[in-house]
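Taking it in order: structure first as structure tokens, then the write-up.
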């Protein structure tokens, strides 16, 4: 853990209200800055000061927040403060009184990541992005991984499979009994595998830093596409759905190196 300290004295402030505040971004131990602020300042003025701070670099992606529901058994959660309320609230009323901590939350941490990497789109087995969006990410649970370093050696038997499809290839996890109730009949596919096996040893070093767990909601287009296939009583059309929306989508992503 690295704490970054930076002192900034305000010459126009009342010295009795000037205190060293710990600024914590996204409640992460790795994003901690120390700065001298006046407790009576409105948040709008604090924002302007933090914009000039070379470590915080406050911008429109950062929002003031305060911790709620904190007890001995939980870390608590952060309640964000609307931008329009910053002129009404003062610093003293939102910081943690005991630790003198000011919390900032960042929209950049997962929303920008979601848009940049198209995380709402499904992928195929080669990780190519699907043409249409299958889900929307309505929320994200972020958890810092404190001890995420791992060094291990694994042996992999890689198989190059040549698959010859005769009738129908359905992706795993389809509930066949439920489809049978709808009157959908299935034929068994004859699949021939030609395997070439190569044994390879890898030394893997992982440094996990953060887990992003997404709350997903299917899009109307995806729901309609699946419903149309079910109503058609032709499960072969699921291949078209997979082609358009992908075979899978990530519910959790580990950030690190």
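Quick test for you: out of 220, 205, pick the one residue that is modelled with pLDDT of 75 or more, touching a strand residue (DSSP E or B) at 6+ places or on another chain (Cβ under 9 Å) and surrounded by fewer than 12 Cβ atoms within 10 Å (Cβ to Cβ). Spell out how you get there, then give the answer.
On the way: 220 fails: touching a strand residue (DSSP E or B) at 6+ places or on another chain (Cβ under 9 Å).
So the residue among 220, 205 that is modelled with pLDDT of 75 or more, touching a strand residue (DSSP E or B) at 6+ places or on another chain (Cβ under 9 Å) and surrounded by fewer than 12 Cβ atoms within 10 Å (Cβ to Cβ) is 205.
Does residue 9 satisfy the criteria of being at pLDDT 70 or above and more than 15 Å from residue 99 (Cα to Cα)? I'd like the intermediate steps shown before the answer.
Details: at pLDDT 70 or above: no; more than 15 Å from residue 99 (Cα to Cα): yes.
Criteria not met by residue 9.
Do you know which residues across segment 67-87 are modelled with pLDDT of 60 or more and under 23 Å from the mean Cα position of the chain (by Cα)? Spell out how you get there, then give the answer.
Quick first cut of segment 67-87, residues modelled with pLDDT of 60 or more only: 67-69, 76-87.
Listed by number, the residues that qualify are 67, 68, 69, 76, 77, 78, 79, 80, 81, 82.
Tally the residues that are surrounded by 11 or more Cβ atoms within 10 Å (Cβ to Cβ) and either modelled with pLDDT of 90 or more or over 21 Å from the mean Cα position of the chain (by Cα) (or both), restricting the search to segment 49-65.
11
Taking segment 112-158 on its own, how many of its residues are within 23 Å of residue 221 (Cα to Cα), within 21 Å of the chain's Cα centre (by Cα) and part of a strand (DSSP E or B)?
Count: 13.
Within segment 12-38, restricting attention to residues that are surrounded by fewer than 17 Cβ atoms within 10 Å (Cβ to Cβ) and at pLDDT 85 or above, which residue is nearest to residue 49 (Cα to Cα)?
By that ranking, first place goes to 36.
The values are calculated or read from the model by the stated rules, or taken from the named source; none is laboratory data. Keep in mind it's a predicted model, so treat the numbers as computed, not measured. With ideal geometry, Cβ positions are generated from the backbone for all residues, glycine too; neighbour counts draw on all protein chains shown.
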